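Quick notes on the structure that follows.
The values are calculated or read from the model by the stated rules, or taken from the named source; none is laboratory data. Computed from a predicted model, the values in this text were never measured in an experiment. Cβ atoms come from the backbone with ideal geometry, glycine included; neighbour counts cover every protein chain shown.
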Amino acid sequence: MAKKKLKKSILAYVKKNAPKNADVSVIVPTLNEEKYLGRCLNSLRQQRYFGTYEIIVADGYSTDKTREIAKKYADKIVIEHTRTIASGRQAGASVASGKIIVYTGADVIVPEDWLARICAPFADKNVSAAFGSLIPYDGTAFDDVLCKLVLNPMAGLLHALGFIYVYGDNMAFKRKAFDLIGGFNVDLVTAEDTDIMKRVCSTGKVEYVPKAQVLFSMRRVRKWGYAHYILFHTINFFRAHLTGKAFEKYEPVR
């Protein structure tokens with residue numbers, strides 16, 4: 001539910017053999033992600049998925065080689081000048097043709113069965129959204145254990161209690177439900193993933209799929225430190241759920 005008008009996006013690139021009406025649209029928001037994007041998009045191209053899917057890069061007007069790299073893999077590139085994650089996610093959806101919209105991140109690597117797993121819950125017509133789990137690809141043994149034994153089980157527990165603890169780079173929506181609630185609130189700088197999951201619950205079920213796992217970068221944790229990272233996201237999570245408000249600043253880490 002966008003509170004302000006989203007700036008007009010420019011469809012910068014459409015691959016000649018892009019699917020005309022894909023079953024699934026996978027959207028990757030970017031902003032100066034030349035160091036990571038190639039690995040992400042290459043892993044998306046390797047998906048073992050039974051249907052058709054398109055890859056959309058929603059770029060925040062990058063000044064590096066992000067769009068050049070994207071052209072090697074993406075079916076569509078859309079440029080969004082606001083440069084916030086919510087606006088990027090919404091811009092990607094505006095050019096998506098899929099009946100299911102899936103989101104991941106530029107610094108994420110996805111296993112070849114990821115798309116099939118994150119989309120599986122939509123076989124149930126009552127499901128409106130789904131989200132998966134995460135594990136670091138550049139973490140220590142401690143990082144791996146923390147995700148496997150604490151963060152991912154906690155996501156399942158919170159979901160059961162009615163507090164959706166979603167990782168924005170591993171979530172999917174039925175297009176009809178997404179449109180019904182107006183998509184992302186582009187006024188938000190942070191917690192846009194929590195906000196949309198709260199609102200989409202009014203349209204149907206939200207499923208947690210722990211086996212739909214993505215591998216993510218620890219770059220922000222390394223830059224911020226564990227204490228700052230955990231405190232920021234914990235406070236922001238409960239603020240978004242309990243008050244509907246979230247932090248208005250989010251330091252870029254490249």
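If we scan segment 176-188, do we find a residue that is buried (at least 22 other Cβ atoms within 10 Å of the Cβ), within 14 Å of the chain's Cα centre (by Cα) and at negative phi?
Yes, segment 176-188 has at least one match.
Which ones in segment 241-253 are farther than 20 Å from Val221 by Cβ and either part of a loop (DSSP other than H, G, I, E, B) or modelled with pLDDT of 90 or more (or both)?
Passing the criteria: Thr243, Gly244, Lys245, Glu248.
Only one of (1) surrounded by fewer than 17 Cβ atoms within 10 Å (Cβ to Cβ); (2) within 17 Å of the chain's Cα centre (by Cα) is not met by Ala130, so which one is it?
So Ala130 meets the others, but not (1).
Which pairs turn up if I take residues in segment 135-161 that are more than 26 Å from Lys198 (Cα to Cα) and without any contact (Cβ under 8 Å) to a residue 60 or more places away in the chain and look for partners that are of a type in the set (A, V, I, L, M) and loosely packed, with under 13 Cβ neighbours inside 10 Å with beta carbon separation below 9 Å, at least 6 apart in sequence or on another chain?
Hits for this filter: zero, empty list.
If Ile196 meets every condition in (1) out of contact with any Ser or Thr (no Cβ under 9 Å at 6 or more places or on another chain); (2) farther than 21 Å from Ala120 by Cα apart from one, which number is that one?
(2)
Name every residue in segment 163-213 that is among the acidic types (Asp, Glu) and in contact (Cβ under 8 Å) with a residue 24 or more places away in the chain, in order of residue number.
Within segment 163-213, Asp169, Asp187, Glu192, Asp193, Asp195, Glu207 meet the criteria.
Check whether at least one residue in segment 46-60 is closer than 22 Å to Asp193 by Cβ and in contact with a His (Cβ under 8 Å, 6 or more places away or on another chain), and report yes or no.
Looking for residues that are closer than 22 Å to Asp193 by Cβ and in contact with a His (Cβ under 8 Å, 6 or more places away or on another chain), one finds at least one in segment 46-60, hence yes.
Give segment 61-75 a look and list any residue that's aliphatic (A, V, I, L, M) and in contact (Cβ under 8 Å) with a residue 40 or more places away in the chain, or say none.
Ala70, Ala74
Among the residues of segment 138-185, which ones are outside any helix (DSSP H, G or I), acidic (Asp, Glu) and modelled with pLDDT of 95 or more?
Asp169
Between residues in segment 220-240 that are farther than 22 Å from Asp107 by Cβ and residues that are in a helix (DSSP H, G or I), which pairs lie under 8 Å by C-beta distance while being six or more apart or on different chains?
Ala240/Thr194; Ala240/Asp195; Ala240/Lys198
Just for strands (runs of 3 or more DSSP E) wholly inside segment 1-120: which have at least 1 residues that are in contact with a Ser or Thr (Cβ under 7 Å, 6 or more places away or on another chain) and buried (at least 17 other Cβ atoms within 10 Å of the Cβ)?
Fully inside segment 1-120 and qualifying: 24-30, 53-59, 76-79, 100-104.
Could you look through segment 189-240, keep only residues that are assigned to a helix (DSSP H, G or I) and hydroxyl-bearing (Ser, Thr, Tyr), and pick out the one that is surrounded by the most Cβ atoms within 10 Å (Cβ to Cβ)?
Thr194
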